[in-house]
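The values are calculated or read from the model by the stated rules, or taken from the named source; none is laboratory data. Remember, it's a predicted structure, so these values are computed and weren't measured experimentally. Cβ placement follows ideal geometry from the backbone for every residue including glycine, while neighbour counts extend to all protein chains displayed. In case anyone asks, the SASA skips ligands and DNA or RNA and just uses the protein heavy atoms, side chains included. Shrake-Rupley method; radii C 1.70, N 1.55, O 1.52, S 1.80 Å.
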Amino acid sequence: MVWSRRIIAAVTALPLAGGAWAEDARWDVIVSPYIWVPGASTAVTTAFGTLETDASVGDVLSATDFALMGMVEARQGGRWGVIGDFVYADLSERNDMPFGGLFSSATVETELRIASGYAAYRVHEDAGVTVDLLGGFRAISAALDVSLAPGGLPGQAISLRDRWIDPVVGGRVRFELDDRWFATAIADVGGSGGGSAPTWQAVATVGYQINDRWSMQGGWRHLSIDRTMGGRDVEIDLSGPLLGFTARF
């Protein structure tokens, strides 16, 4: 898929770009690419009722589905910083015999491109805890293709596409567990911009500081999206483990 190749190439190039930015502007730049393996749950209203489909983390691992995410943070001393967060997900979910057997199966293929930008204001920092308040936006491009296989009724297909931007507010807390280990929690909520219902996400990770530049993190991320698309109510929930690394420039 063209988009997946572009994103992989961009994530690969981020450390080089981050290093050049840090040298020119003398900012502290942190680049964190991740692989994310979320289970997915989607609900879409149809003429026959609400179609609910899901895929577990195991389903995603055994299929060609995947999700990538990455964060870039820049800070030039003081309390203020900027953060960019990027997510790409290409997932599929299935439901056998939906609507009481009117169809033999239902499949929902979901493609999401999400870019979030935050201004971060540091309200507390000491040797053990760092706290930032976050405010910014989340831009979402969503594509859903629903296939209803023939059963009691002939097969049908529904295609939904939408793009929108929501304001978001949130926070981040980092705990230094010892000289090497640390834990981070991030959460935000957005909505009301572009006509969407409230959306939210939460990320919790535990990391190990390899040296002054490199660290590794693993944890869990949940992302919830609620939107009316093409006159249909759509709810998308992604939740699963993630693993990545961080490079500081």
Query raised in the report: Of the accessible area of the chain, with the probe set at 1.4 angstrom, what percent is carbon plus sulfur?
Result: 60 percent
Query raised in the report: Put W80, W27, W36, W181 in order of accessible area, largest first, 1.4 Å probe: what do you get?
Result: W80, W181, W27, W36
Report task. For the chain, with a Gaussian network of springs between Cα atoms less than 10 Å apart, report the residue from I225, I158, I83 with the top mean-square fluctuation. Result -> I158
Requested in this report: Would you please give the FRET efficiency between V129 and D54, computed as 1/(1 + (r/R0)^6) with r the Cβ-Cβ distance and R0 = 30 Å, to the nearest 0.05?
Outcome: 0.20
Report summary line: Env charge @ V129, Cβ radius under 10 Å, K,R +1 / D,E -1, value -2
**Report entry** Length released on extending from L243 to T45, taking residue separation times 0.36 nm less the Cα-Cα span
**Finding:** 67.9 nm
Report task. Per residue of the stretch 217-228, in order, report the coupling 6.51 cos²θ - 1.76 cosθ + 1.60 (Karplus, θ = phi - 60°) as ³J(HN,Hα) in whole Hz, putting x for Gly and Pro. Result -> 9, x, x, 9, 10, 10, 10, 10, 10, 10, 8, 8
**Report entry** the chain: most fluctuating residue of D54, D178, D237 per GNM, C-alpha cutoff 10 Å
**Finding:** D178
Report task. In nm, give the distance between the simple-model label positions of Q76 and A187, each being 7 Å from the Cα along the Cα-to-Cβ direction. Result -> 3.3 nm
Query - M216-A204 pseudo-label distance in nm [points 7 Å out on the Cα-to-Cβ vector] - result: 2.2 nm
Report task. Taking only Cα atoms and a 10 Å spring cutoff, compute GNM fluctuations for the chain and point out the largest among P33, P150, P167. Result -> P150
**Report entry** Label selected from (1) 34, 32, 14; (2) 37, 18, 16; (3) 28, 22, 15, the criterion being semi-axes √(5λ) of the Cα gyration tensor in Å as computed here
**Finding:** (2)
Query - Loop sites in the stretch 149-249: trypsin sites (Lys or Arg not before Pro), DSSP, at most 13 other Cβ within 10 Å - result: R180, R213
Query raised in the report: What ranking, highest mean first, results for peptides 113-119, 66-72 when packing means the other Cβ atoms within 10 Å averaged over each residue?
Result: 66-72, 113-119
